[in-house]
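Working notes, beginning with the structure itself.
The values are calculated or read from the model by the stated rules, or taken from the named source; none is laboratory data. Computed from a prediction, not measured in an experiment: that's the story for all the values here. Every residue, glycine as well, gets a Cβ built from its backbone with ideal geometry; the counts of neighbours run over all protein chains shown.
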Amino acid sequence: MLTAGIGALVGAIAVIPGLGLLAAPLRRAIVRGAGQPLRVAAEQDVKPQKPIRVTAVGEVQDAWLRLDHVTVGSCWLVRATEGAPIRAFSTICPHLGCGVDWNDKTGKFDCPCHASSFDLEGRCLSGPSPRGLDELEVSLDTHEVLVRYRRFRTGSPKKEPIG
Ligand code: FES
């Protein structure tokens, strides 16, 4: 009995530092491409009243793995009038997360799942969506459009980032 106890103690002394070494990356900050400014388009490609869908591609790093060129999400780039600032809206419907599409004929964003629709400024016009489209932070760098892509909780009137 005493021998088994001593054996277990010796085993624990040998294993605990190894577990600490394995878990060390978990104590480091997790860096994600999402939330960083990512180049998504050339400024000149965003025409007034003609939203374009773009993909945000970045690098993702968790505790053990780093991947380059990962699609972190997509968004609509919108310019209301010539010379107006470019705005970006998530393509994810705030109701339950379906992808919203731009309808050239009606001049609105439509969600195919439960028929929510949104205007060019992202405001909810009809349907069950509890809020307007989620706007993302945009910046310009030598005529390139950069977007900080984020995801937000669906089904809530409040815009809450997740992840
Ligand atoms: S997911 Fe868009 S209206 Fe329901």
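Okay, residues lined up against (1) within 14 Å of the ligand (Cβ to nearest atom); (2) modelled with pLDDT under 95; (3) basic (Lys, Arg); (4) in contact with a strand residue (DSSP E or B) (Cβ under 7 Å, 6 or more places away or on another chain):
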| residue | (1), (2), (3), (4) |
| --- | --- |
| Gly58 | no, yes, no, yes |
| Ala63 | no, yes, no, no |
| Val70 | no, yes, no, yes |
| Ser90 | yes, no, no, yes |
| His114 | yes, no, no, no |
- Query: Is there a residue being over 25 Å from Gln44 (Cα atoms), out of contact with any Phe, Trp or Tyr (no Cβ under 6 Å at 6 or more places or on another chain) and of a type in the set (A, V, I, L, M, F, W, C) anywhere in the stretch 72-92?
  - Reply: no
- Message: Among the residues of the stretch 61-72, what is the count of those that are surrounded by fewer than 20 Cβ atoms within 10 Å (Cβ to Cβ) and within 19 Å of Glu137 (Cα to Cα)?
- Response: 1
- Message: Looking only at the stretch 92-112, filter to residues that are within 11 Å of the ligand (Cβ to nearest atom) and surrounded by fewer than 20 Cβ atoms within 10 Å (Cβ to Cβ); which one of those is farthest from Tyr149 (Cα to Cα)?
- Response: Pro112
- Query: Taking the stated definitions as given, is Gly155 away from the ligand (no atom under 12 Å from the Cβ) and not hydrophobic (A, V, I, L, M, F, W, C)?
  - Reply: no
- Message: Exactly one of these conditions fails for Ser117: (1) more than 18 Å from Lys47 (Cα to Cα); (2) crowded, with 18+ Cβ neighbours inside 10 Å. Give me its number.
- Response: (2)
- Every residue from the stretch 89-122 that is in contact with a Leu (Cβ under 8 Å, 6 or more places away or on another chain) and of a type in the set (Lys, Arg): Lys108
- Item | Conditions (1) at pLDDT below 95; (2) surrounded by 14 or more Cβ atoms within 10 Å (Cβ to Cβ): number failed by Val54 | (1)
